[in-house]
Amino acid sequence: MTTEATHETTSSVILTDEAAAKVRALLEAEGREDLALRIAVQPGGCSGLRYQLFFDDRELDGDTKHDFDGVAVVVDRMSGPYLGGAKIDFVDSIEKQGFTIDNPNASGSCACGDSFH
């Protein structure tokens, strides 16, 4: 059973196996086991809202925490409604490398793909 299938719901984020493996490798490089991947939505960008992905050791009031095979993913209370069902993946190809977010809640995005509305 894959991590994606285990955690695929419309009320939470989905972290693919590839993304979980990359996050795990980055955490090992940091040498800290107390960090979680925080996924947030902030005002900004040319379409109005921008994603933020970063490691965080804080637990904020209203956070939802998801576990993907030992990788902790945290979403704050305000970002949750924007991220329900969003699929976070990691792509490593000759054309592109990095995390991608496929968000069913986004009605559009800018040409650069960094922000959405």
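Starting from the amide H of Gly84, placed 1.01 Å from N in the peptide plane, find each other amide H under 5 Å away whose residue is 5 or more places distant or on another chain.
none
Taking amide H positions as placed in the peptide plane 1.01 Å from N, state which residues far from Arg38 in sequence (5 or more) or on other chains have amide H under 5 Å from it.
Distant-sequence amide H within range of Arg38: Phe54, Phe55, Asp56, Val74.
Output the direction-averaged projected area (hull surface divided by four) of the convex hull of the alpha-carbon atoms of segment 12-52, in nm².
Reported value for the Cα convex hull: 4.0 nm².
Test of understanding: what is the full-extension gain from Arg50 to Ser93, defined as 0.36 nm times their sequence separation minus their Cα-Cα distance?
Net length gain for the segment: 13.1 nm.
Going by amide H atoms built from the backbone, whose H comes under 5 Å of the H on Asp63, apart from near neighbours?
Arg77
Give the calculated FRET efficiency between Arg77 and Ala29 to the nearest 0.05, with a Förster radius of 35 Å applied to their Cβ-Cβ distance.
So, using R0 = 35 Å, E works out to roughly 0.75.
Using the Karplus equation 6.51 cos²θ - 1.76 cosθ + 1.60 (θ = phi - 60°), what ³J(HN,Hα) coupling, rounded to whole Hz, does each residue of segment 21-38 give in order, writing x for Gly and Pro?
Here the 3J(HN,Hα) series is 5, 5, 4, 4, 5, 5, 5, 5, 5, 6, x, 10, 9, 8, 9, 10, 7, 9 Hz.
For segment 18-110, just say rounded, prolate or oblate: build the C-alpha gyration tensor, square-root its eigenvalues into a ≥ b ≥ c, call rounded for a/c under 1.5, and beyond that prolate if a/b exceeds b/c, oblate if not.
Cα axes put segment 18-110 in the oblate bin.
Read-outs: derived from the displayed coordinates by stated rules, not from any lab. Please read all numbers here as calculations on a predicted model, not as lab measurements. Neighbour counts run over all protein chains shown; Cβ positions are idealised from the backbone, glycine included.
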